[in-house]
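To start, the structure under review is shown below, and the notes come after it.
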Amino acid sequence: MRSHYLTKSLVAIVAAAFLVTFSSCDLQEKPLQEEAAYVAEDVISDYAFEDADDLAGLAMLSDAATAGGRVSGEPRVITINDPRCNCDNLVVTITMDPESTPEHPIGTIVIDFGDGCTGPLGNVRKGKIIVNFNGRRFLPGSYITTTFDGYSINDIALEGIRTLTNISESTENFPAFEIQLEGGKATWPDGTIATREHCFVREWQRASNPINDQLVVSQCADREVAASGTNRRGRAYTMVIVEPLVYKRGCPIAVSGIKEFTDVTSGKVITVDYGDGDCDRTVTITFNGQSRTFEVDRRG
């Protein structure tokens with residue numbers, strides 16, 4: 001299971017008002033505006049699912065039963081220690097499965113934001129995130145599935161099944177997780193819909209000093225693409241990770257790595273390069289031999 005690490009780094013990709021712009025240019029006047037919008041939409045969709053996944057991970061860390069501690073068959077209210085959950089109407093409950101044991105805990109956590117919970121950065125979450133866990137957290141072979149019941153963030157409604165499996169060879173290795181999203185769907189307030197399925201491998205490379213930790217994301221070895229789906233304009237796409245994406249603590253987006261998007265209908269290929277390791281907010285988009293560097297603007 002992931003740690004609180006992502007709350008401080010990856011989730012900061014598009015914090016606050018949950019908007020992504022490219023402040024280095026006016027998209028109505030400059031080249032590659034369509035390609036930039038394509039990438040911005042991917043960042044938003046990815047953030048929405050990552051944010052829900054991160055909350056699921058924090059919920060797992062909030063109760064000892066998920067690691068084989070106290071087991072009770074009765075539902076219990078628990079607390080998630082995170083600013084996004086500081087709402088009076090938020091209710092988080094955990095229920096252990098009758099077959100759960102300390103050696104192999106099984107249960108369900110429901111994070112219910114009710115009619116709306118506004119986080120410290122202005123993001124409004126509504127509805128329920130449902131977390132089903134099987135196995136002791138952090139141990140190889142354990143997994144959790146995350147689903148949604150009327151859940152939205154800033155009125156972008158999410159659907160789908162997200163499964164995170166610990167694929168580490170042993171506890172001596174860097175923790176590694178396979179992350180699959182099936183039937184992913186994001187519905188915007190204007191009724192437009194983006195669909196998404198993906199399979200990533202995330203390795204948490206821990207350092208002697210936690211400030212130097214980093215996450216390395218690649219696509220699943222048995223998949224030809226890392227992600228596929230349709231954008232809000234109904235165009236089908238695929239995405240591959242050409243070079244692993246590296247995220248460092250405190251950096252708003254990946255510091256290095258390359259993604260490649262392909263428009264299935266037209267064959268258009270868009271390359272997104274996150275740079276050479278600098279902790280900044282810039283990406284370089286290349287299409288048809290033309291490149292332009294944009295800045296991902298986190299609005300607060």
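The values are calculated or read from the model by the stated rules, or taken from the named source; none is laboratory data. What you are looking at is a predicted structure, and each value in this text was computed from that prediction instead of being measured. In this analysis, Cβ positions are derived from the backbone assuming ideal geometry, glycine residues included, and neighbour counts consider all displayed protein chains.
Name the single residue that is surrounded by the most Cβ atoms within 10 Å (Cβ to Cβ) among those in segment 166-187 being among the β-branched types (V, I, T) and modelled with pLDDT of 90 or more. Among those residues, the one meeting the criterion is I179.
Checked against (1) in contact with a Pro (Cβ under 8 Å, 6 or more places away or on another chain); (2) assigned to a loop (DSSP other than H, G, I, E, B); (3) touching a residue at least 60 places away in the same chain (Cβ under 8 Å), W204 passes all but a single condition, namely (2). Counting the residues of segment 251-281 that are in contact (Cβ under 8 Å) with a residue 60 or more places away in the chain, in a strand (DSSP E or B) and β-branched (V, I, T) gives 2. Could you check I80 against (1) part of a loop (DSSP other than H, G, I, E, B); (2) farther than 29 Å from R196 by Cα and say which number it fails? So the condition that I80 fails would be (2). In the set E260, E243, only one residue is of a type in the set (D, E, K, R), crowded, with 17+ Cβ neighbours inside 10 Å and closer than 30 Å to I167 by Cβ; that residue is E260. Pull up segment 145-161, narrow it to residues that are at pLDDT below 95 and part of a strand (DSSP E or B), then point me to the one that is nearest to V131 (Cα to Cα). Across segment 145-161, the extreme among qualifying residues is I153.
Under the condition of being assigned to a loop (DSSP other than H, G, I, E, B) and surrounded by 17 or more Cβ atoms within 10 Å (Cβ to Cβ), the residues counted in segment 96-112 number 2.
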